[in-house]
Structure formats: structure tokens, C-alpha cells
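Just below is one structure, and these are the notes that go with it.
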Amino acid sequence: MPLDQQELRFLEDKANQLRHLCVDTVAWAGAGHIGGSMSAMDIMVLLYYKYLHIDPQNPGWEDRDRFVLSKGHAGIGYAPILADKGFIQRELLTEYNHTGSSLGIHLDSLRVPGVDASTGSLGHGLSIALGMALGIRLLKKSCKVYCLLGDGECNEGQVWEAAMAISHFKPCNIITIVDRNGLMIDGATEEVMKLEPFKQKWEAFGFIVKEVDGHNFKQLAEAVEYSISENSVPVVIIADTIKGCGIDFIENDYRWHYGGLDSDKISEAHKSLTAYYEKRIKGE
Amino acid sequence: MAGLTYTILDATNLSTAEIYGRVLCDMGERYPEIVALSADLAKSTKIGMFGEKFPQRFFNVGIAEQNLFGIASGMAKVGLVPFVSTFAIFTSMRGLDQVHTDICYQNLNVKIIATHAGLSFGQAGTTHHCTEDLSIMRSMANCKVIVPADGIETANAVQAAYETLGPIYIRINRGFDQIFYENTDYGFRIGKAVQVAEGNDLTIIACGSCVYQAAEAAKILRSVDHINARVLNMHTIKPVDRDAILAAVQETRRIITVEDHNVVGGLGSATAEVLALSGKACAFEMLGIPDTFSIIGLHEDLMNYYKIDTDGIVEAARKLIGKEFEDDENWDDEV
Ligand SMILES: Cc1ncc(C[n+]2csc(CCOP(=O)(O)OP(=O)(O)O)c2C)c(N)n1
């Protein structure tokens, strides 16, 4: 089912609220991967509030859908969602990155309910997701596996090992999404290590490629539903995103891959996010 | 494990890996949650025997070891019990980040049976020798590390691995091992050394193919030198059998370790750690590959060259037996 107006508004509000909460968490943590969290936020919000069949009361539910955040450094964007969903207590966010806290930069699946895989070493997630998908198929269950990768992460050979294997095994229950924000740590992906022609690379590996605006819920939802319904050819959604999306002084600046925000910057960030939200609501 | 016993009749004319393949097929029959994975080494590692019997439950991922261990981790996460086989060198190095983060860190129920370990693929050259894996795998928290002495013990280890929750690394050799055990009924338990020869003059602690060599050495020492050597088959390197080592120190006070592995980080190091922490004095020698990239050749020739065969062990025992390590018999002043 495509998004209706009410759902769309709900998602817009949710994404806005969680972007603000992410900024607060960065403040509590002292610093964080804010750029990649903001670029991935709409994608994660759509999955968590529209598609994933999960139960925060029963995080280990065997028949749940799985989500693998392959770009694990976006944990500080992911944890606010888990808190909002009720997997973890919201107060825990105030201890993010503190010594002894269960929440660190890369979320640990054994310590944080709702996290399906401990990631952080880039390049692993798609293989793990594929293993889950193949296992689920073998067990004759109907749950789905969603995997979110970074674009810089796609420098890793293992991503392509996994892509090749997805084409080969055709699990059909895996939804692959790349957060194509165009930046990595040391600069633009095309400068550090060229990914283009990116679409053709995935196509060459046997994928149908859906290129969408990664900050447009309608486009994202259509692509996710296409991927769910396509049962013979694997699909990858390349989500065109903005690193730091919504925070004007962070947007599209690779130096904000990871950083700290002082109290002035925190209020500036909140202000910018509010303005960004209003623009989105007006459809600008 | 009730009902699954193997004897020398099952092992004769079978390589160690073939016995592994057979055991895995038998277990696959009983346990539908077992799946098997390899990376274009299904034939060489013999995990392919499972694949022939259960094609739906076997996954060959091609020559992609990182993907291999990642997929295994995902399968374990949804409740399956993956057995994964490729060469030891590609397990402990090429796919190590995945073994570490995807499997060990998340304490997943994945069983890794790594083949062609040590110098057993000697002629393939040093890119295929694997004399670092015990050191590497021993430092992976959550992971148990087992080195079976022969095919029969491999059958025991593989079954025990299924029965024990969590990640387990079993390293076996390429090709045929000297048959050491006649049947599987000798009380194999993970973490418990097996005493294969009695003696109180010194203790030889061995693992893998060196167990047979140590037992042969003990026979020579007994008949020629009248030295009664205790021989321990330390099939589990982690958790190592501390009690057996401490008893050996107390009762024999001379210990030789022998392994088809670098002397850094493997069985010798594991033993040395127990010794050092005990505070007891002990004459001690570690046999293994002397922290070097090994030369090329047949496994048995290389074992001889690096003095981890019967001759090498006998020579080391004769030296060690004459070594002074303590002026008096007073144990109280040693800590
Ligand atoms: C294997 C590995 N190498 C290096 C790193 C360090 N690292 C963390 S994030 C990052 C850049 C990731 O870029 P991208 O995938 O584009 O993520 P995004 O820009 O969306 O944050 C790097 C190199 C890592 N986590 N894992």
C-alpha cells in the first residue's frame, strides 16, 4: 500500500522528532556520527514505522522482520528510533557513549534489544542479511530482511561478494538500500574512490536498480514495495541523500562525518532542523 | 552422543576430512537445523559430502571467504546451526574480521571446521601453510579451539561441537593422519586432556598430528632410555586443561609441548601461561615451528625438519631430562 496523506504526515513528524532527538543524543554523547545519521534517518524511519514487523515487547520474536544497519556508525541515529519504539529506555540515550553504557557508537546486538546484528566493521552487513534471508527461506518463514549500506562502504569487496551471492541464491526476501550521500570520511566518494557508474555496477551484478530521493517518503515507499513484490530479480534501492540532511551548517560537508556540537551549535542545529521540517511540510 | 560411534573400521582408508564429511552427513540426518557452507572448497574440505546428501541445506558461496562467514552468522542468527569449512589459512586470516565480529563477538552458534592446517599442505607452499591459526583463534573471546589427533577424534570433536553452544574452531589436516584411536569411546570431552601414556619422569603435551608422534616417542624413551614419559593429548587448546597441566608440573616437573604450529601463541604458549601463573618451577621446552615462514615439502618431512616428529621429541626429551631447574625440593620458596 502506498502512503496516504495521514501516514506521510506521521512519517514527516516522526523523522523530524527523531532528527532532533539525534542532535540531543550527540550533545549527551559529546560527539557522534551526525552526518550519516541524518542522511539515513528518513530511510530508517520509513522502515521502522511503516514496514518492519517487529515487537518491542518481544525483541527476539522469531518471526520478526530483520534490519541490518550495515553502516553501523549511524548508531546514534538508530538508537533514538529504538528508544522511541520502546526497545530501549529513552533515558539511556543520555548515557550514549558514556563508560559502562550499553550504547556505544556501534550498537551491540547482545546488549541493545532490537538490534539484529552488531556492525561497525564496514562491508559485513549485506552478507549477514543474506545469511538471515537464506535461513528464513530454508525455515519456510515469510519474514523479510532489510539492509542499509553506506555508499563509501561499497568500496569494500565483501559488499560485491554479497551482491554476487544474492543474485546467485535469489532469496527474494531481502531489501537492499544504499544511502548514497556521496561522502565518506576523507571526502567525496568520487574523489576518494570512484563508485560511478554505481547503478551499472549493481546492474552488472544482476540487480534491478531503483534510484529514488532518499528524503522523499513516497518515492522511498514505492521502491521498498517494488522490492518486496519483485520475486525473481534482486532489487537495490539507491537512495540519493544529503549527508547531514536538515542541519544547514552540516549538510554536504564531509568534515561533519563525525563531530561534536557545543551548546550554541546544538541550538543552531535544532533551529535549522525546525526550518527544514517546515519546508518539507509545505512541500518545498 | 548416543548412537553415533565410529571405529577404526570406519576410519581405515578415509582421510580425516572424509571422516568429518561422513560424521556431518550422519548428524545432518538427525538434526535438520544443521546447514553447511564452503567457499569453493567443498570437495577439498569434504563438507561437499553433506552438500550431496542435503543439497537444499548446503551453500557454496564461491571464492569469497568474508561473505562465507558473514552468511553463516546470519544463518545462525535465525536459528540454524551452520558448519563452515575452508582452509585454515583462509579462515583465520582472509575471513578473520568476519569470524571475529560476525561470529565470535556475537557469540553465535557457528562451527568452523578448518582444514589443511599446520604444515599438512606442505607442498602447496607457505601461502597454504597455516601455523598461526591457533594463536589467532585462541585470542577470540567466546571461541573454543580444538585440534583433533586423528580422524576418530575429529568425529568426536565434530559431534561435541554440535552439542556445545557457541562458536567453535576445529582445525584438521589435509589428507591422511596416522590413526591413533581405534574407536570413539575413550571419553572425549571438550577442555579435558586425554592421558595417552603414563609416566612421572616428564610430560609431553601434544595436539593434532603430534599426538601420535609423542606417543611413539614415549615408547622409545621408555624402552631405550628408561624414561617414563607421560603423554597428554591436549586436543582442546582453549579452554586448555589447566588441571592436567598443573598435575604434570607437580608430578613430573618437566614438560615438553609439541605442535604443528608456530611456537608463538599456540599450545606451547597456552601451557606456558598456566605454568607461569602457577608459580611452580618446571623444566620446559616448546617444540613447533620456530617463528619462521616454513619451508616447502611433504608433511612428514617438514615435521621431521622442524623436529615435531618422533625423532625430534625423543631428542628434546633426552635434553630436558638432564636439565637442572631447581636446587632443592622445597616448593615453598618458589613463588
Ligand atoms: C572496515 C572498516 N574500515 C574503516 C572504517 C572506518 N569508517 C567508519 S565510517 C567510514 C566512512 C563510511 O562512509 P559511508 O559508508 O559513505 O557512510 P556515511 O557517509 O553514510 O556515513 C569509515 C571509513 C570502518 N568502520 N570499517
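The values are calculated or read from the model by the stated rules, or taken from the named source; none is laboratory data. Quick caveat, the model's predicted, so the values are computed rather than measured. A quick note on method: Cβ atoms are made from the backbone with ideal geometry, for glycine too, and the neighbour counts reach across all protein chains shown.
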Open item on the list: Report every pair of residues separated by at least 6 positions or lying on different chains whose Cβ atoms are under 6 Å apart, first residue within region B:258-273 and without any contact (Cβ under 8 Å) to a residue 12 or more places away in the chain, second among the polar types (S, T, N, Q).
Closed with: none
Task: region B:38-67, residues that are facing another protein chain (nearest Cβ under 9 Å) and surrounded by 18 or more Cβ atoms within 10 Å (Cβ to Cβ) - done: B:Arg57, B:Phe59, B:Val61, B:Ala64, B:Glu65, B:Gln66, B:Asn67
TODO: For region A:134-151, indicate whether the set of residues that are small (Gly, Ala, Ser) and buried (at least 24 other Cβ atoms within 10 Å of the Cβ) is non-empty.
DONE: yes
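Please specify each residue of region A:137-158 satisfying the condition of being facing chain B (nearest Cβ under 9 Å) and either without any contact (Cβ under 8 Å) to a residue 60 or more places away in the chain or assigned to a strand (DSSP E or B) (or both).
Across region A:137-158, the qualifying residues are A:Leu138, A:Leu139, A:Val145, A:Glu156, A:Gly157, A:Gln158.
What residue, of A:Ala188, A:Ala165, is facing chain B (nearest Cβ under 7 Å) and of a type outside the set (Asp, Glu)?
When all the criteria are applied, what remains is A:Ala165.
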- [ ] Could you check A:Arg180 against (1) within 16 Å of the ligand (Cβ to nearest atom); (2) more than 18 Å from the chain's Cα centre (by Cα); (3) of a type outside the set (Phe, Trp, Tyr) and say which number it fails?
- [x] (2)
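Report yes if some residue within region A:64-83 is away from chain B (no Cβ under 14 Å), outside any helix (DSSP H, G or I) and within 16 Å of the ligand (Cβ to nearest atom); otherwise report no. Give the steps one after another, and end with the answer.
Residues of region A:64-83 that are away from chain B (no Cβ under 14 Å), as a first pass: A:71, A:74-83.
Filter again for outside any helix (DSSP H, G or I), leaving A:71.
The next check asks that each one be within 16 Å of the ligand (Cβ to nearest atom); those that pass are A:71.
Within region A:64-83, one or more residues are away from chain B (no Cβ under 14 Å), outside any helix (DSSP H, G or I) and within 16 Å of the ligand (Cβ to nearest atom).
In region A:238-254, what residues are buried (at least 20 other Cβ atoms within 10 Å of the Cβ) and closer than 21 Å to A:Leu148 by Cα? Walk me through it before giving the result.
Step one: of region A:238-254, the residues buried (at least 20 other Cβ atoms within 10 Å of the Cβ) are A:238-239, A:241, A:243-247, A:250, A:254.
Within region A:238-254, A:Ile238, A:Ala239, A:Thr241, A:Lys243, A:Gly244, A:Cys245, A:Gly246, A:Tyr254 qualify.
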Open item on the list: Show the residue pairs meeting these rules: Cβ distance below 6 Å; 6+ apart or different chains; first residue within region A:244-262 and more than 14 Å from every other protein chain (Cβ to nearest Cβ); second residue of a type in the set (Val, Ile, Thr) and away from the ligand (no atom under 11 Å from the Cβ).
Closed with: A:Gly244/A:Ile250; A:Trp256/A:Ile250; A:Leu261/A:Val26
TODO: Scan region B:100-120 and report the pairs whose first residue is within 14 Å of chain A (Cβ to nearest Cβ) and whose second residue is assigned to a strand (DSSP E or B), with Cβ atoms within less than 6 Å and a gap of 6+ or a chain change.
DONE: B:Asn109/B:Val81; B:Val110/B:Pro82
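In region B:9-48, which residues are among the polar types (S, T, N, Q) and free of Cβ contacts under 8 Å to residues at least 24 places away in the same chain?
Kept after step one, since they are among the polar types (S, T, N, Q), are these residues of region B:9-48: B:12-13, B:15-16, B:38, B:44-45.
Within region B:9-48, just B:Asn13 meets the criteria.
Can we say B:Gly288 is outside any loop (DSSP other than H, G, I, E, B), within 26 Å of B:Tyr181 (Cα to Cα), in contact with a His (Cβ under 7 Å, 6 or more places away or on another chain) and not assigned by TED's automatic domain parsing to the domain that holds B:Thr154? Before the answer, list the steps.
Values: outside any loop (DSSP other than H, G, I, E, B): yes; within 26 Å of B:Tyr181 (Cα to Cα): yes; in contact with a His (Cβ under 7 Å, 6 or more places away or on another chain): yes; not assigned by TED's automatic domain parsing to the domain that holds B:Thr154: yes.
For B:Gly288, the condition - outside any loop (DSSP other than H, G, I, E, B), within 26 Å of B:Tyr181 (Cα to Cα), in contact with a His (Cβ under 7 Å, 6 or more places away or on another chain) and not assigned by TED's automatic domain parsing to the domain that holds B:Thr154 - is met.
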